[in-house]
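A quick write-up on the structure given underneath.
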Amino acid sequence: MSGSRSNVPAASGRLPEREPEAANSKPQPPPIPNNGTPVWDLVIADLAGDHGGVAADMAARDALGRARYGTPLQTHNGRDALVDAYEEALDLVVYLRQALEESHGAMPVWWHHDLQGAYAQALHAVINLRQLVQQRGAIGRLAAALRPNPQSAPSRFRPAPGTGVGSGNELPVGRSNGT
């Protein structure tokens with residue numbers, strides 16, 4: 001589909017500035033098997049029904065992933081799930097755009113309109129995911145900048161020796177010292 005046949009905005013031709021996290025310049029490690037929750041189980045439960053075979057397709061993807069990686073997709077597996085989602089969403093957008101281009105005139109108008117809607121939603125998801133990755137990076141940098149440095153704090157703000165967090169002298173959660 002050329003720009004004249006589509007309501008899809010044309011790309012500017014320039015790449016946005018990239019956060020190192022968003023660019024994912026270094027490859028992520030393979031998933032590490034652990035006792036984390038299998039994520040496909042959560043997604044299939046969220047789907048609440050088969051929806052014309054979608055749950056069965058999900059179960060098949062889960063089985064493929066288990067065979068390929070030797071473990072289910074689990075939480076806390078050593079990979080950055082948000083970066084994985086962003087990269088997969090980039091692939092989704094390009095495949096949907098390819099389908100739009102290849103199907104123009106070959107499918108009914110209503111079908112093509114539904115595909116355009118899916119493409120628009122995928123573009124929106126890509127933009128949102130990139131913003132989330134960038135915001136997470138900015139929030140992390142802000143938190144690090146705001147984190148107090150005990151060595152540079154005036155002495156009146158430093159905990160007395162043997163009384164700070166990790167000293168073993170903290171009060172148990174939910175208890176007070178009676179004051």
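The numbers here are math on the coordinates, done by the rules we state, and not lab data. Every value quoted in this text rests on a predicted model; they were computed, and no experiment measured them. Quick reminder, even Gly has a Cβ in these numbers, built from the backbone with ideal geometry, and neighbours come from all protein chains shown.
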Rounded to one decimal in nm, the spacing of the 7 Å Cα→Cβ label points at A120 and A138 is 2.7 nm
For every other residue with a beta carbon closer than 13 angstrom to the beta carbon of I44, add +1 if it is Lys or Arg and -1 if Asp or Glu, then tell me the sum.
-> -4
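Net charge near L96: determine it from the other residues with C-beta under 15 Å of the C-beta of L96, scoring Lys and Arg +1 and Asp and Glu -1. Let's see the in-between values first.
Values: positive: R97; negative: E88, D91, E101, E102, D114.
Result for the neighbourhood of L96: -4.
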Taking the Cβ of P27 as the center, what net charge do the other residues with Cβ under 13 Å away carry, scoring Lys and Arg +1 and Asp and Glu -1?
-> -1
What nm value, rounded to one decimal, do you get for the distance between V94 and V39 when each label is placed 7 Å out toward the C-beta?
-> 2.0 nm
What is the extension gain from Q28 to L47, computed as 0.36 nm multiplied by their sequence separation minus the C-alpha to C-alpha distance, in nm to one decimal?
-> 4.0 nm
Computed D for the range 25-154, Stokes-Einstein, Kirkwood radius over alpha-carbon pairs, 25 °C, 0.890 mPa s, to the nearest µm² per second, is 136 µm²/s
What is the P(r) of the range 97-149, as percent of Cα-Cα pairs per 5 Å bin from 0?
-> 4, 18, 16, 12, 10, 8, 8, 7, 6, 5, 4, 2, 1
